[in-house]
C-alpha cells in the first residue's frame, strides 16, 4: 500500500481515491438499482394488461 | 413533439426520437462502452500509480489523476445539459430533455468529487481544506446550480412542461457561469494576494500528462456509460408514468360505467 | 405599459404593503447581525457594507415569489401573454415596479440602518450608491426565477435557491465597492461600474429570459 500512496501523505491520497471510488460506484449502483426497479414495475403493469400504444 | 419538428436535424438524431429505437441502440452500445471504460480506467490507474514523485508535490500529485478528470466531467456534464436545453427549445427533440435531466445528477456527483478531492489535495499542499479562491468558489456555485436544477425538475410533475422550463433555467445558468467565474477571479485578486496558492500547479511534464489524459478519457467514457444508463432509466420512468395514468383512466371509466 | 406600471404599483401598496414588510425584514436582518457577531464597533463597521448588502438581497428575494403568481391566479398572466405589447416589455415593467417597491426603499433606508452598524460617512454613501445601482439586478434576475417557478405550488424556497447563485457577482462587486470606499488605495469606481454593468446586462437579458420561461410554461 505504501508503495502506491506513499507514507507521508498516505491518508490524503488514499482518501481522495477512496471518495472517488465510493461516489462513482455508488452512482453506478444507484442507477442500476433504479433500472431494475423500473423494469420490474413496467413488467408488472404490462402483466396487468396495460399495453403501450406505440409499440413498434 | 412530433417527428416533423425534428426534420432539420441530422438523420441519425431524428431516428433516435423514437424511444424504442433508442433503447435498442443502448442495448448494443452499452456493453462496448462499459468494456472501454473499464479498460481505460485500468490503464489510467496503472499509469497514474507508476509515475515518479513530483519534485514539488511529492506523491500527492497522484490525486491529480482523479481530481482533474472529475472537474472536466463536471463541466462537460453542464455542456451536455446546455445542448439538451437547446435541443428542447429549438428542435423540440424528445430525447433532449431526457439527456439534460440524466446529466444533472452525474454532473453534481462529478462536481462534488472535484470539490472533495481538491479539498483533500489542498490540505497537504496549501495547509488548508478550503480557501475562497476563485476556482473553488465558482465550482461551489456550480454545485449549487446543479442541485437547484435537480430540485426544479423534481418539483414539476408534467414532463413536457418541466422540460421547457428547466431548459430556460439551464441556459440562464450557462450565461451566468462565465460572469461568476470572472467576478470571483476579480474578487480574489483584489483581496487575496496570490502568493502561496498556485492552483494551476507546475507546468505539466509528459510523464504526468499522459496518465492524466488517459484518466480523462476513462472518466469521459465512464460519464457516457452512466449517462446512457441514466437516460434509459428516465425513459422507463416516463413509460411507467404513461401506463399508470392509462390504468387510472381505465379504472375511472370502468367505475363510471358501473354506476 | 404605463397602465401596467400604475396597476402594479397600486396593487403592491394595497395588498398588505409588501414594501413595508420587506423593509421590516431588512431591519430585522441588520439588527440581528450585532447579536450574532457581538457588539464590537470596529468589527461591525468593517462588515457593515456586507450586512447591508446581505440584508438587501434577502429582503428583495422575499417578495419575488408573488411577482407572477398573483397574476397567474387571477388570470391576468394569460392576458399578458396575448396582449399586443411584447411580453418582455411587460416583464421589464413588472420587475421595475418590484424594484420601486423593494429595492428603492431598501436603498433609501440603508444609511439609517448603517448608523446602527457604526459605518463611516463614506461607507454609508458608498453602500447607498452601490445598492441603488445593484438592487435592480436582483429584481431582474429574480424575475427570471419567479417566471421559472410560477407554476409550482411551493416555489418560494426553490426560487431563492435558483436566484441566490446568480446574485453572487452583484454581491461581490457591491460589497467590494463599499469596502474600497473606506480602504484607501483601492479605487471605488471600477467595482461600482461593474455593478452597474451587471444591472444593465440583466435588465436586458432578464426580461427576455422571463418572457421565454412564461411562454414555455403556458404552452
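Just a few scattered comments:
- Across the alpha-carbon set of the stretch C:2-218, the Rg to Rh ratio works out to 1.00, Rh being the Kirkwood radius.
- Cα-based shape type of the protein assembly as shown, given that a ≥ b ≥ c are square roots of the gyration tensor eigenvalues and the cut on a/c is 1.5: oblate
- By the count of neighbouring beta-carbon atoms within 10 Å, fewest first, C:119, B:125, C:1 end up ordered C:1, B:125, C:119.
- For the stretch C:121-160: rounded, prolate or oblate by the Cα gyration tensor [a/c cutoff 1.5]: prolate
- Among B:59-70, C:203-214, sorting by the average number of other beta carbon atoms lying within 10 angstrom of each residue, highest first, gives B:59-70, C:203-214.
- Value of relative contact order over chain C, rounded to a whole percent, pairs C-alpha under 8 Å and six or more apart: 26 percent
- For B:40-52, mean number of other protein chain Cβ atoms within 10 Å: 1
- Sorted fewest first by neighbouring Cβ atoms within 10 angstrom, B:81, B:231 come out as B:231, B:81.
Throughout, read-outs are computed from the coordinates displayed, never taken from laboratory work. Here the structure is a predicted model, which means the values were calculated and not measured. Ideal geometry is used to build each Cβ from the backbone, glycine not excepted, and the neighbour counts take in all protein chains shown.
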